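These notes concern the structure reproduced below.
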Amino acid sequence: MDLTDFLAKVLIGSAITLSLSFLFKTCFPRFTKRSKTDFDDFVLGALAASVVPFGLVVTLILAQDDLGLPNNVERAYNTSLRIVGTIILIRLINRIGSRFVFGLVRRSGAEDLQHLLQSLLPLLRTVVWGIGTLVLLQSLGVKMTVIWGLLSAGGIGIGLALKEPAQELFAYLMILLDKPFTVGQFISVGSTSATVERIGVRSTHLRSLRGEQVVMSNSTLTGSTILNFAEMEQRRMIYSIGVTYSTSADQMKAIPTMIQAVIDAQEHSSFNRCHFTEFADSSLNFELVYYIDTRDFTVAMNEQQAINLGIMEAFAAEGITFAFPTQTLYLEGESRPVTSS
């Protein structure tokens with residue numbers, strides 16, 4: 001054991017490490033502050049935080065020959081230092097890489113990509129740790145054929161175990177990229193109509209009209225027909241109105257004009273058509289079509305209510321009666337018909 005050479009190498013390595021730390025913390029920031037971005041400041045800070053422990057690890061590895069340790073102890077000593085150095089490097093790469101990718105996505109201004117990256121960041125960091133571990137094992141002389149065999153065998157089991165989470169993750173990616181809906185929009189899926197509150201990696205949280213929270217898996221959403229009411233430029237309203245058979249022909253002719261006047265008087269509605277379409281069993285039916293130019297469900301319902309009330313008032317003023325299911329029976333020998341509801 002050559003203690004003098006060992007201490008000399010440790011002192012030299014420590015001096016170089018401390019000098020680099022001083023440069024990263026004191027000198028180099030003077031130049032990076034002149035730049036328009038703060039990414040270089042972040043990189044210098046990350047390097048300054050890692051240079052001392054990593055420098056000491058490298059110094060101890062280079063000086064290990066002077067310790068004269070037994071083979072088994074030297075192997076354990078070298079392995080331990082390599083593991084510590086690998087951990088320091090992987091953490092440094094993850095910090096700088098995450099900040100760099102986030103900076104690119106933030107400059108693009110795409111909020112969906114930011115949410116996507118935030119969700120995938122743990123997976124990306126795990127990949128870096130996996131690659132670093134494989135490099136470490138190879139540097140330690142481990143036969144990679146054995147490692148690949150273990151990974152292949154374990155990969156089948158992991159794949160089966162992660163089948164459902166992976167399916168939900170891909171469904172989440174489809175929602176973010178294809179954008180069938182976004183947070184705050186009102187959608188209808190099957191028998192559920194609700195507002196989107198949060199889109200998660202595994203499930204989407206909705207708020208129904210009655211107020212309860214509905215949690216629906218992403219795969220269920222992507223596999224269903226989604227009605228997105230927020231994308232409607234206008235609502236098309238179509239329904240029938242029936243009047244009694246006692247309505248005169250002149251009144252029948254006036255009904256479309258009366259209904260159009262009621263609709264045109266509303267702020268958000270526009271008349272399309274109104275026609276006498278059917279001689280039904282108990283009514284003379286008109287088909288009415290108009291548009292409401294709003295995405296707000298409450299505003300649309302207020303508009304429809306005002307139109308319905310306006311039609312009722314207009315009909316009452318003209319003496320027109322709405323029909324309801326009735327039957328008129330003409331009995332043989334009777335002079336007057338008998339009407340039943």
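For the reader, a short list of remarks on this structure follows.
- Val58 meets each of the listed conditions (1) open to solvent by 70 Å² or more (accessible area, probe 1.4 Å); (2) within 30 Å of Leu124 (Cα to Cα); (3) modelled with pLDDT of 80 or more; (4) in contact with a Gly (Cβ under 8 Å, 6 or more places away or on another chain) apart from (1).
- Single condition Leu23 does not satisfy, out of (1) open to solvent by 50 Å² or more (accessible area, probe 1.4 Å); (2) farther than 20 Å from Ile96 by Cα; (3) part of a helix (DSSP H, G or I): (2)
- Checked against (1) within 23 Å of Ile292 (Cβ to Cβ); (2) at pLDDT below 80; (3) open to solvent by 70 Å² or more (accessible area, probe 1.4 Å), Ala230 passes all but a single condition, namely (3).
- Qualifying residues in segment 317-341 (those that are modelled with pLDDT of 90 or more and closer than 21 Å to Val289 by Cα) - the one nearest to the chain's Cα centre (by Cα): Phe322
- All told, Lys9 meets the bar of being touching a residue at least 40 places away in the same chain (Cβ under 8 Å) and either open to solvent by 50 Å² or more (accessible area, probe 1.4 Å) or among the polar types (S, T, N, Q) (or both).
- Of the candidates Met237, Met258, the single residue that is closer than 30 Å to Ser193 by Cβ and either of a type outside the set (Gly, Ala, Ser) or touching a residue at least 12 places away in the same chain (Cβ under 8 Å) (or both) is Met237.
- Residue within segment 32-39 that is charged (D, E, K, R), open to solvent by 30 Å² or more (accessible area, probe 1.4 Å) and touching a helix residue (DSSP H, G or I) at 6+ places or on another chain (Cβ under 6 Å) present: no
- For segment 273-313, the tally of residues that are crowded, with 17+ Cβ neighbours inside 10 Å, over 46 Å from the mean Cα position of the chain (by Cα) and not in a strand (DSSP E or B) stands at 1.
- Residue count for segment 61-72, restricted to those that are open to solvent by less than 60 Å² (accessible area, probe 1.4 Å) and among the charged types (D, E, K, R): 1.
- With respect to the stated conditions, Thr26 fails to be β-branched (Val, Ile, Thr), touching a residue at least 12 places away in the same chain (Cβ under 8 Å) and more than 26 Å from Leu123 (Cα to Cα).
- Looking only at segment 179-193, residues that are of a type in the set (Lys, Arg) and within 14 Å of Met216 (Cα to Cα) come to 0 in all.
- Check on Thr257, polar (S, T, N, Q), surrounded by 15 or more Cβ atoms within 10 Å (Cβ to Cβ) and not in a strand (DSSP E or B): no
The values are calculated or read from the model by the stated rules, or taken from the named source; none is laboratory data. Owing to the predicted nature of the structure, the values given are computational and were not obtained by experimental measurement. Glycine also receives a Cβ, built like all others from the backbone with ideal geometry; neighbour counts cover every protein chain displayed. For accessibility, only protein heavy atoms count, side chains too; no ligands or nucleic acids. Shrake-Rupley method; radii C 1.70, N 1.55, O 1.52, S 1.80 Å.
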